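Structure, as structure tokens:
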Ligand SMILES: [Zn+2]
């Protein structure tokens, strides 16, 4: 049985994007509650995050952008950059803590304290571009985690698997010319879903060509469609890449009961996908696997999916 870490901090609840917003603090409360009532919580190693230092965030984000975001929060602005990015005075600090959460998981794995980890962080990150907040995201948590594993811990090749129903435009763009980070996304066909990027022909640029793999899925794809795509296309590409660590950008908004998109995944589909990626991490990455929460907006479903995902991590 694997030693599984959980990154969580009550300060993650302090990012308030507005009362109308679906990316709300209750998402993490639902996860915590489900983990507690199931009894799983006490089996996990709780990792306490520190805010990521700004010089680390500046490895992938424009320093002017970082300052602009900080000032917007200090000034009490309620929206930053794009209409769906609601903020409050605490948002900057919480966003730094979300990045720091992924760093804490990386540190614990590389120190051998844990085998794998789930980062229950918010705000999410995969839509965040170098100089622009979008899609509820401000700093790209998973991308910064990949860079941190490379620069702080000396890993060479990192694979990011993004199964959020929306394409992770930010993560793709940050690494599209980089052959050391493989970005692989399964998402709802961009012609029918936010943010509109992630077409099959987007495969990376220059030296990064061939290190981005987009697998757009038609609306109402089901468990077996996702599993087929994973087994037929994604896993062979990942095995070929031979990553040193696997990062999952885990949105649970492709679930059939999620309000934001049009996919028909169930808890079982998510569990089976985690199992396949867990096996891959065990075979190729010495078990190193960090899951970072992205979307998922049906609270009951989110709690259940995360519980089952962490059960899979524990079973590896
Ligand atoms: Zn999403």
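Using C-alpha pairs under 8 Å with a sequence gap of at least 6, the mean separation divided by the residue count of the range 4-315 gives a relative contact order of 19 percent. Inter-label distance, residue 262 to residue 45: 4.5 nm, where each label sits 7 Å from its Cα along the C-beta direction. Here each label is just a point 7 Å from Cα along the line to Cβ, and for residue 88 and residue 64 those points are 3.1 nm apart. Mind checking which of 172, 150, 77 has the largest fluctuation in a GNM of the chain, springs on alpha carbons under 10 Å? It is 77.
Our estimate of slack between residue 231 and residue 78, defined as 0.36 nm per intervening residue step minus the Cα-Cα distance, is 50.8 nm.
If R0 is 30 Å, the Cβ-Cβ spacing of residue 222 and residue 38 corresponds to a FRET efficiency of close to 0.70. Fully extending the segment from residue 192 to residue 54 would add 46.1 nm, taking 0.36 nm per residue of separation and subtracting the current Cα-Cα distance. In whole Å, how far is the Cα centre of the range 252-316 from that of the range 113-150? Between the Cα centre of the range 252-316 and that of the range 113-150, the gap is 16 Å. Here the sum of -39500 (n - 2.57) over DSSP H runs of 4 or more residues, divided by the residues of the chain, equals -11500 deg cm²/dmol at 222 nm, to the nearest 500.
Of 189, 240, 140, which has the largest mean-square fluctuation in a 10 Å C-alpha GNM of the chain? Highest fluctuation of the listed residues: 240.
Using the Cβ-Cβ distance between residue 200 and residue 242 with R0 set to 25 Å, the FRET efficiency works out to roughly 0.60. When DSSP beta bridges are restricted to pairs lying wholly in the chain, around 10% turn out antiparallel.
Quick note: the coordinates plus some simple rules give every number you see, no bench work behind them. Fair warning: this is a prediction, and the values are worked out from it, not measured in the lab. Please note: Cβ atoms are built from the backbone with ideal geometry, for glycine as well, and neighbour counts cover all protein chains shown.
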